[in-house]
Amino acid sequence: MISIITPVYNGEKFIESCLQVVIDQNCLEVEHIIVDGGSSDKTVDIIKDKANQYPHIRWISEKDRGQSDAINKGIAMAQGQIVGVLNVDDFYEINVLNHIYEIFSTLPEPSLIVGNCNVLNQKDKLIYINKPKRLRTIDLLLERRINDHGIIDASYPVNPSAYFYHKSLHQQIGLYDVEEHYLMDIDFLLKAVCSSHVKYFNETWGNYRYYPGTKTFDDAARGTSLARIKYLFDNYVKTLSLMGQWQIRLARNFNFLLLKIFYFSKYPERLPEVIRQRLTKI
């Protein structure tokens, strides 16, 4: 069985469509666990109504310590061997869950599988497709790279709607960090890729809405998200061996050089005058 966990707080705008997305998957091997943080709007009423109609929907509503805490509560409730996290304003592509269930029937335990994710704006228009092909620890720690579309993008999967894993993985890496309110997904992935069989599929599974008013968008708009990522990564690098730390430093320097080359190939007029003069003499 697949256990889809949705943390929510005052999410009446999206909760019905989120529930319907999983219903429309027509997957017999799924339970949808809604962990509400004590909403004061109509969220709980909508959940109750749907749960009365569909027995695969299970839910609780109580105060929590944030999104990570809510996900951990969902994991504790989960009866399935496979876990997926679906945030209330995100959604799956058609018939993804049946496909995921089939894939896991052939995989060793614990496994983490990752697909592509559509990144959408507030009008549901496609911004780009996140294709996280490189999922080694060193790739995740490089922070930024140029993706297949020439867009400077995070190397890690941008949203949990595009990855699934064995619940037993948490026995090895622990649960989500309840003190982490912004980068819980990245923190999870850094630990998960080291302790699971990781496989990438060049298929689009998830859809992630990235727009003003959401926690992630606003954090990036304030310019604080990169500082958070750097702090998380630097602390993680410290846990590696000396050889591992040197590999990361060398790779980061090389990656920074590639970004510089890409940038100035797009905007050669912005090269310093001294360098432009030297290049014209070559």
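Where a number appears in this text, it was derived from the coordinates with a stated rule and is not lab data. As the structure is a prediction and not an experimental result, all values here were calculated from the model. Neighbour counts run over all protein chains shown; Cβ positions are idealised from the backbone, glycine included.
Observations on the model:
- For GLY84, distant residues with modelled amide H under 5 Å away: SER3, ILE4, ILE5
- Distant-in-sequence amide contacts of ARG65, defined by a placed amide H-H separation under 5 Å and a gap of 5 or more residues or a different chain, comprise ALA70.
- As a rough guide to protection, the peptides 21-28, 123-130 ranked by mean Cβ packing within 10 Å, highest first, stand as 21-28, 123-130.
- Over 21 Å between alpha carbons, listed pairs LYS48/LYS73; LYS13/LYS191; LYS215/LYS238; LYS125/LYS215; LYS13/LYS123; LYS191/LYS238: LYS13/LYS191; LYS215/LYS238
- Alpha-carbon centroid distance for the pair the stretch 15-80 / the stretch 191-220, whole angstrom: 20
- For the stretch 2-237: Kirkwood Rh in Å [reciprocal of mean 1/r, alpha carbons]: 18.0
- Summarised as an ellipsoid, the stretch 1-130 has semi-axes of 23, 19, 15 Å, derived from the eigenvalues of the Cα gyration tensor scaled by 5 and square-rooted, with the largest first.
- Peptide ranges 88-100, 225-237 listed from the most packed, as the mean C-beta count within 10 angstrom indicates: 88-100, 225-237
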